[in-house]
Amino acid sequence: AGLRACGVHNVCRLLIRRAHGFYARDAGVAHRKNLGLLRKIMCQESTKFKNVWTTHSASPIAYERGRIYMDNYQCCITSIAQQPRLIYQKSKCAKSEKIEDALLLECPLGEMLPSPSDYKASLIVLTVQNWLLRLSADSGEVLEKVYLAGSCCKFFRYLSWDTPQEVMIVKSAQNKLPAAARQAGIQQTVLFYLAVFQVLPLSFIGMLEINKKIFGNSVTDVAVSNGILIVMYSMGLVRLYNFKAILEQFMEQPFNLGQEFNWNGQVGIVGKYPFGLPCNIKITDTPPLLFEASSLENAFQIGGYPWHYIITPNKKKHKGVFHICSLKDNTLAKNGIQDMKCCSLEPDWIYFHPDMSGRIIHVGPNLIKVLKLKEVKNHADQMEIAEDFTIVANRENCVNNSVTVTASGRVVKKRFTLLDDDPEQETFKIVDYEDELDLLSTVAVTQIGADGRAHLDFHCNEHGILLKSIPLKESWDVTYSHEVYFDKDLVLHIEQKPNRRFSCYVYQMVCDTARDDD
């Protein structure tokens, strides 16, 4: 009826009109309009970004959705206020309570949850003593706690999403026997443990082990993403398995958190100390292989439409060369070999665009290429890689003549040429995507002597046009580790200096006035 009333009878046209906000009663229309206004205001010439807050710390600084975490997540500061302010400060924790990893958990839309606290953002943290805690993001209060390690494993260290905000994976460190045990001929067959949880409400799905007897002796790492178990090997091999099918096929017995159990002679409560979680998924045979590829340093990515993957041929001489192939039949796409032929200390990098457009971003020292997949003309079953747009570093003032003439007329020839990422030339260091404003952000750095200068640029995600450039006030040393977050009207720069010294610089959008030179 709504379609007939507005005269739209084509589904594609309807979706386009909805995206443009034609229907005022649609959920999210006001939000989209507000974000559109924010983008326009942000990109105006008169709008500036002002450094409103700076802090330094002897421990790592983390940022999650408008919150700055310090002192191993014991201190939380909001960056949304006009000036960052303290949300909570907990007393210093003992070394045995040190947090190893953390994930931000946000409430799903349109679902009934068992507890009022579930509707607010919370932080899932993993401690060094194998406790999984859910903390209130507003107060740091412990809302739930689960003890992970029973007799099977004592070294859980990593948190990741299988399905973002739905299914979480807790991974152990790689099991390694002490030198004395190895010398005594004792064999260690279990390499990793994976604990799987459904979140909000937090529930235990199962725990499994990655065993040499099943997956082979040369396994170096494992990961789970979007229902796929990814197993990596020392010789560059990457193998993919259906993780959901593994859970269903090899589940011996399901357990709920808080449930009493008698498992392999042990009696306890699931998720409580000292029993922890049972290893109730036993892989007894090699699961069906979905896909395998060999790539230098196990670098492997899947994306695009139709599905393609990116690898680097498994030889050191091919470092910096990327092959884009069809996942269906492994055929190389036309123009599918991407090589910038960089002469640089740091390699170029490539990845599928996070905006779900199926495009590919290839970043070199002085050039960013946004590539797209398209059908080859007159060959509908073959795809080619085409250039969508490029972003080039500003090196207009850079002169690199190999031959110079002195004042006396003597000709001097240089015996070396500058690297593509020479610090004295503008070089791209970070490329990111702001999904809510649909902007591509880049950080470019130029180092002159001991003083490095960086600027954050916003580009139109569709065409690559430069919309805004923000100079960062602080000096940027290219030898340090840097992270830059662009979150709507906020820019946050975290810097790690030698000897574990950390700095955080917060910039906020302000309207320029005659009274404010900033």
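The values are calculated or read from the model by the stated rules, or taken from the named source; none is laboratory data. Everything numeric in this text was worked out from a predicted model, so none of it was measured. Neighbour counts run over all protein chains shown; Cβ positions are idealised from the backbone, glycine included. We work out accessible area using only protein heavy atoms, side chains counted, and drop any ligands, DNA or RNA first. Shrake-Rupley method; radii C 1.70, N 1.55, O 1.52, S 1.80 Å.
Structure notes:
- Solvent-accessible heavy-atom area per residue, rounded to whole Å², over the chain at 1.4 Å: 55
- The length gained on full extension between residue 264 and residue 158, counted as 0.36 nm times the residue separation minus their Cα-Cα distance, comes to 35.5 nm.
- Calculated FRET efficiency, residue 30 to residue 235, Cβ-Cβ distance, R0 = 56 Å: about 0.55 to the nearest 0.05.
- Relative contact order of segment 237-320: 30 percent, from C-alpha pairs under 8 Å at least 6 residues apart in sequence.
- Normalised contact order of the chain, rounded percent, pairs of Cα under 8 Å and 6 or more residues apart: 11
- Residues residue 86 and residue 50, FRET efficiency given R0 of 22 Å [Cβ-Cβ distance, rounded to 0.05]: 0.60
- Virtual spin-label span in nm between residue 510 and residue 250, 7 Å along Cα→Cβ: 5.8
- Once semi-axes √(5λ) of the Cα gyration tensor in Å is calculated for the structure shown, the corresponding label among [x] 42, 32, 21; [y] 41, 31, 29; [z] 62, 32, 21 turns out to be [y].
- On segment 440-508, 53 percent of the accessible area sits on carbon and sulfur atoms, based on a 1.4 Å probe.
- Extension gain, residue 419 to residue 93: 0.36 nm times the residue separation minus the Cα-Cα distance gives 112.7 nm.
- Under the span-like rule (Cα at least 18 Å along the axis, Kyte-Doolittle mean at least -0.5), DSSP H helices of the chain: 29-42
- Mean ellipticity per residue at 222 nm, deg cm²/dmol - from DSSP H runs of n ≥ 4 across the chain, formula -39500 (n - 2.57): -2500 deg cm²/dmol
- Accessible area in the full protein assembly, largest first, 1.4 Å probe, for 485, 69: 485, 69
- Straight-line cross-link partners of residue 212 among the lysines, defined as a Cα under 17 Å from its Cα and at least 8 positions apart when in the same chain: 171, 176, 282.
- Extending 7 Å from Cα along the Cβ direction at residue 43 and again at residue 339 yields two label points whose distance is 3.7 nm.
- Computed accessible area, residue 53, all protein chains, 1.4 angstrom probe, square angstrom: 50
- All lysines inside 26 Å of residue 334 as judged from Cα atoms, apart from same-chain residues fewer than 8 positions distant: 315, 316, 317, 319, 369, 372, 374, 377
- Sulfur and carbon atoms: percent of accessible area, segment 165-215 [1.4 Å]: 50
- If the chain linking residue 16 and residue 480 were pulled fully straight, counting 0.36 nm for each residue of separation and taking away their Cα-Cα distance, it would gain 162.6 nm.
- A Förster radius of 35 Å, combined with the Cβ-Cβ distance separating residue 78 from residue 228, puts the computed FRET efficiency at roughly 0.45.
- Cross-link partners of residue 497 among lysines (Cα-Cα below 18 Å; sequence separation of 8 or more within a chain): 429, 473
- Taking the Cα atoms of segment 66-172, the ratio Rg/Rh between the radius of gyration and the Kirkwood radius comes to 0.98.
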